[in-house]
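The values are calculated or read from the model by the stated rules, or taken from the named source; none is laboratory data. Bear in mind the structure is a predicted one, so any value in this text is a computation, not a measurement. In this analysis, Cβ positions are derived from the backbone assuming ideal geometry, glycine residues included, and neighbour counts consider all displayed protein chains. Ligands, DNA and RNA are excluded from the accessible area calculation, which covers all protein heavy atoms including side chains. Shrake-Rupley method; radii C 1.70, N 1.55, O 1.52, S 1.80 Å.
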Amino acid sequence: MDLVVADNLVKVFPAPKGREKRAVDGLSFRVGEGKIYGLLGPNGAGKTTTLRMLSGLMAPTSGSAILAGFNVATEPTNVKRVIGFLTANTGLYQRLSARELIVYFARLHGMESDHARDRANTLINRLGIGEFADLRCGALSTGQKQRVNIARALVADPPILIMDEPTLGLDVLSGRVILEYIKRQRDQGKAIILSTHYLDEAETMCDTIGLLHDGRLVAEGDLESLRKLSGQERLNDIFLKLIHADEKVEALIE
């Protein structure tokens, strides 16, 4: 069953001198239960804009997105109940401890106090937050904050996870903890959209990969099908081949 259905999404922003910038241009893809979909591309490709549209934080210019049966445009409140949205720059309440923050977001999702505390304890244990759970968020390291952010995104146990650069700036150990937990969520049947610049992560994590360039999907498939399409082995080389990067570099040099 497809939990995420994006159909011909378009996002147009105004640009100087009355021009328009198509940040996302006719993007369509699907993500099923128990699958990780990698949405990959360079800066400015339209990844973050796409994820913001899917989460209801930004309205599309045209097209539609259905998440767990809910239309983002007409049922944004219901959509927010079925997603966990994580970004590398999500802010935390600096004066709250990690435990207090997780409980707070559990309560925002309507959990009773006891249930909220139990859910927070479960996530604290599974994500290795215990040793700093009672420290204020303002005193945590980048990796510690990101673990707390994952707990916040997962606190309501949503069926869909949207992960925008979840390991950006993290050390190897912190990044590994987060990636392994994302895999566990996939194995439990969640539909996951993963955006990352670390293409080695995408190679090992994603069931399907969508390569985005200038707001358009230039190729989509599992790693093996993309290898056959491009004649390249590594994902980085696959992407550069499919967007004709060598020709563009030569043009710039000349």
Check: Here is a list of conditions, (1) out of contact with any Ser or Thr (no Cβ under 7 Å at 6 or more places or on another chain); (2) modelled with pLDDT under 90; (3) in a helix (DSSP H, G or I), and residue 229 meets all of them except one; can you say which number that is?
Finding: (2)
Check: Across region 108-125, what is the number of residues that are within 20 Å of residue 173 (Cα to Cα) and open to solvent by 40 Å² or more (accessible area, probe 1.4 Å)?
Finding: 1
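Go over the candidates 147, 186, 126, 117 one by one and state the one that is among the charged types (D, E, K, R) and over 30 Å from residue 2 (Cα atoms). Let's see the steps before the verdict.
Values: 147 fails: over 30 Å from residue 2 (Cα atoms); 186 fails: over 30 Å from residue 2 (Cα atoms); 126 fails: over 30 Å from residue 2 (Cα atoms).
Step by step, each of 147, 186, 126, 117 is checked, and only 117 is among the charged types (D, E, K, R) and over 30 Å from residue 2 (Cα atoms).
Pick out, from region 61-142, the helices (runs of 4 or more DSSP H) lying fully within it that include 3 or more residues that are small (Gly, Ala, Ser).
Values: elements: 76-81, 98-108, 113-126.
Filter on region 61-142 gives 113-126.
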Item checked: Residue list for region 227-243, filter: out of contact with any Asp or Glu (no Cβ under 9 Å at 6 or more places or on another chain) and either of a type in the set (A, V, I, L, M) or in contact (Cβ under 8 Å) with a residue 24 or more places away in the chain (or both) -> 229, 238, 239, 242
Notebook entry, point to check: Which one is nearest to residue 194 (Cα to Cα) among residues in region 126-152 that are among the aliphatic types (A, V, I, L, M) and open to solvent by 10 Å² or more (accessible area, probe 1.4 Å)?
Noted result: 140
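Those residues that are among the β-branched types (Val, Ile, Thr) and open to solvent by less than 10 Å² (accessible area, probe 1.4 Å), I need them from region 209-231; list them, please.
Within region 209-231, the first condition is being among the β-branched types (Val, Ile, Thr), and the residues that meet it are 209, 218.
If the condition is that a residue be among the β-branched types (Val, Ile, Thr) and open to solvent by less than 10 Å² (accessible area, probe 1.4 Å), then 209 is the only one that fits.
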Next item on the list: Residue by residue through region 186-204, note down the ones that are surrounded by 19 or more Cβ atoms within 10 Å (Cβ to Cβ), modelled with pLDDT of 95 or more and of a type outside the set (Gly, Ala, Ser).
Entry: 186, 190, 192, 193, 194
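State yes or no: is residue 66 within 23 Å of residue 185 (Cβ to Cβ), open to solvent by 40 Å² or more (accessible area, probe 1.4 Å) and either modelled with pLDDT of 90 or more or of a type in the set (Phe, Trp, Tyr) (or both)? Write out each step before concluding.
Working: within 23 Å of residue 185 (Cβ to Cβ): yes; open to solvent by 40 Å² or more (accessible area, probe 1.4 Å): yes; either modelled with pLDDT of 90 or more or of a type in the set (Phe, Trp, Tyr) (or both): yes.
It is true that residue 66 is within 23 Å of residue 185 (Cβ to Cβ), open to solvent by 40 Å² or more (accessible area, probe 1.4 Å) and either modelled with pLDDT of 90 or more or of a type in the set (Phe, Trp, Tyr) (or both).
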Note to self: Could you list, ordered by first residue, the pairs with Cβ atoms under 7 Å in which the first is in region 145-162 and at pLDDT 95 or above and the second is of a type in the set (S, T, N, Q), at least 6 apart or interchain?
What the structure shows: 161/185; 162/55
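Would you tally the residues in region 161-177 being out of contact with any His (no Cβ under 8 Å at 6 or more places or on another chain) and either assigned to a loop (DSSP other than H, G, I, E, B) or surrounded by fewer than 22 Cβ atoms within 10 Å (Cβ to Cβ) (or both)? First the steps, then the outcome.
Just the residues of region 161-177 that are out of contact with any His (no Cβ under 8 Å at 6 or more places or on another chain), to begin with: 161-164, 166-167, 169-177.
Imposing the further condition that a residue be either assigned to a loop (DSSP other than H, G, I, E, B) or surrounded by fewer than 22 Cβ atoms within 10 Å (Cβ to Cβ) (or both) reduces the set to 166-167, 169-177.
Qualifying residue count for the region: 11.
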Next item on the list: All but one of (1) in contact with a Leu (Cβ under 9 Å, 6 or more places away or on another chain); (2) of a type outside the set (Gly, Ala, Ser); (3) surrounded by fewer than 19 Cβ atoms within 10 Å (Cβ to Cβ) hold for residue 72, so report the exception by its number.
Entry: (3)
Check: Taking region 14-57 as the region of interest, how many residues are assigned to a loop (DSSP other than H, G, I, E, B), in contact (Cβ under 8 Å) with a residue 40 or more places away in the chain and closer than 18 Å to residue 192 by Cβ?
Finding: 4
Note to self: Between 61, 50, which is surrounded by fewer than 20 Cβ atoms within 10 Å (Cβ to Cβ) and of a type in the set (S, T, N, Q)?
What the structure shows: 61
